[in-house]
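Notes follow once the structure below has been shown.
The values are calculated or read from the model by the stated rules, or taken from the named source; none is laboratory data. Source: prediction; values computed, not measured. Every residue, glycine among them, receives a Cβ derived from its backbone with ideal geometry; neighbour counts consider all protein chains shown.
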Amino acid sequence: MKIVNPASGAVFAEVHADNEKAVRAKYERARAAQPKWAATPIRKRLAAIRAFRAEVLARQSELAKTLTLEVGKPIRQSRNELNGVLPRIDFFVAESQRALREQKVHADAKGRLEERIVHAPLGVVANISAWNYPYFVGANVFVPALIAGNAVLYKPSEYATLTGQRIADMLHAAGVPEDVFVVVLGDGKTGAALVRQPVDGVFFTGSFATGAAIAAGTGRRMIKTQLELGGKDPIYVCEDVDPKNAAAALADGAFYNTGQSCCSVERIYVHEGVYDEFVAAFVAAVAAFKVGDPLDEATYIGPLTRKPQLAVLRRQVADAKKKGAKLLLGGNVIKRKGHWFAPTVLADVDHSMLVMREESFGPIIGIEAVADDDAAIELINDTDYGLTAGVYTPDAKRAKKILARVHAGSVYWNCCDRVSPRLPWSGVKRSGMGVTLSTYGIQTFTRPKAYHLRSV
């Protein structure tokens, strides 16, 4: 399997992909090793995760460069991801023992009957992870899964293979047995082979189409399935904001990581009272972003990780222009080696256009004027997705009233493109099912077992 630098299109590494036989052998290793890991005291499992955190911190420069070379993420943003995963690990370490503790929920007056809940590990879980934030997305799954006593078969995206190998190296060096955290390498065929194994849970991050196919298969087997899928994340800018400040914040929310985030801002609705001023400020902010070599400290916009996404963005631009949108910036593939698309801003869009309906996952945004809050809410909810949504206004009461009517797993007031380990991460509709992060995202890797205990 060839590892390609998306900034240049050059192959810079090759790895051996796992076939079906190899995947089966790795599953059997994990199945055999899991009971001993589950029997290991949680304090020792937590110690291994603390040691993993120390490895991430010590190797940050090397890890950031590897991530930038294989996914094209600007180097400063790669370091931001590595810095950002540390408090997530800290949260899991601090909260897991309490979240997984055996609970006595009832005892009768005579002390003869007790009811208890024990959080038993699922067993062996398959974790098919993402390339855009391999440390964030991966750690949301494998860290609490390991702490809870599961063995993990971890398949990094084929676009983040080397990063996946580095994660395994660090976990093993930290004291997680090699047969408890096992890396499975390959593309979609390898992922499909992994899902076919008799695992006890599948945790997938990726596209709706692949997630739906996984759910169809795992549903028949009645195993735990969690799917973190796409988003078409909207923001509503009210007329009582400072449009320049809102534009600067939303430009970053839309174009950070070259727009390749499941919670990137992908649709903006602006009250007609500040529409023109907002659009002008937004275009100015995006035009100031430096596009260039992702290893350059000054670069803000890098290449697209996946070459096929260029065609998606070209189609969205052509469709919007044909239907009357104004192209204010970009709109074209940048002619250089690698996978580059110019930061693109489309104004005067509407919901007949692909750019407002299909996930873009790139440096492109559509901006639409709205007459009032009701019109904005109707458009926000007019989507197949429901991952995040937000509103910008200084009025807290107004914001809460708007957000209460929004159909999304996470909602934002005067912020965007934000994830917290303390809050559950989930979606509705085509954005997926299940929960990661928060204490819910710790307990999701267990099966609550009910104990009815009566003494004679």
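Can you tell me how many residues within the stretch 1-59 are assigned to a loop (DSSP other than H, G, I, E, B) and without any contact (Cβ under 8 Å) to a residue 24 or more places away in the chain?
The initial filter retains those residues of the stretch 1-59 that are assigned to a loop (DSSP other than H, G, I, E, B), namely 1, 5-10, 15-19, 40-41, 59.
Those still in the list that are without any contact (Cβ under 8 Å) to a residue 24 or more places away in the chain too: 41.
Residues in the stretch 1-59 being assigned to a loop (DSSP other than H, G, I, E, B) and without any contact (Cβ under 8 Å) to a residue 24 or more places away in the chain: 1 in total.
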Query raised in the report: Is there a residue in the stretch 119-135 that is modelled with pLDDT of 95 or more and in contact with a His (Cβ under 7 Å, 6 or more places away or on another chain)?
Result: no
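State which residue is farthest from S157 (Cα to Cα) when the search covers only the stretch 6-49 and only residues that are of a type in the set (K, R) and surrounded by 14 or more Cβ atoms within 10 Å (Cβ to Cβ). Before the answer, list the steps.
Going residue by residue through the stretch 6-49, those that are of a type in the set (K, R) are 21, 24, 26, 29, 31, 36, 43-45.
Then drop every residue that is not surrounded by 14 or more Cβ atoms within 10 Å (Cβ to Cβ), which leaves 24, 26, 29, 31, 45.
Working: R24: 19, K26: 17, R29: 22, R31: 23, R45: 26 Å.
Restricting to residues being of a type in the set (K, R) and surrounded by 14 or more Cβ atoms within 10 Å (Cβ to Cβ), the top hit is R45.
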Query raised in the report: Can you name every residue in the stretch 52-64 that is in contact with a helix residue (DSSP H, G or I) (Cβ under 7 Å, 6 or more places away or on another chain) and surrounded by fewer than 16 Cβ atoms within 10 Å (Cβ to Cβ)?
Result: L57, Q60
Query raised in the report: Here are A369, A375, A342, A320: which of them is modelled with pLDDT of 95 or more and touching an Asp or Glu at 6+ places or on another chain (Cβ under 6 Å)?
Result: A369
Requested in this report: Find the residue count for the stretch 232-272, including only residues that are in contact with a Ser or Thr (Cβ under 6 Å, 6 or more places away or on another chain) and acidic (D, E).
Outcome: 3
Query raised in the report: How many of the residues making up the stretch 15-55 are under 30 Å from K189 (Cβ atoms) and hydrophobic (A, V, I, L, M, F, W, C)?
Result: 10
Query raised in the report: In the stretch 263-314, which residues are within 25 Å of the chain's Cα centre (by Cα) and within 30 Å of A371 (Cβ to Cβ)?
Result: C263, S264, V265, E266, R267, I268, Y269, V286, L313
Query raised in the report: Out of (1) modelled with pLDDT of 95 or more; (2) under 20 Å from G362 (Cβ atoms); (3) in contact with a Lys or Arg (Cβ under 7 Å, 6 or more places away or on another chain), the odd one out for G259 is which?
Result: (3)
Query raised in the report: Conditions: (1) in a loop (DSSP other than H, G, I, E, B); (2) of a type outside the set (V, I, T); (3) farther than 30 Å from M433 by Cα; (4) in contact (Cβ under 8 Å) with a residue 40 or more places away in the chain. G230 meets all but one. Number of the miss?
Result: (3)
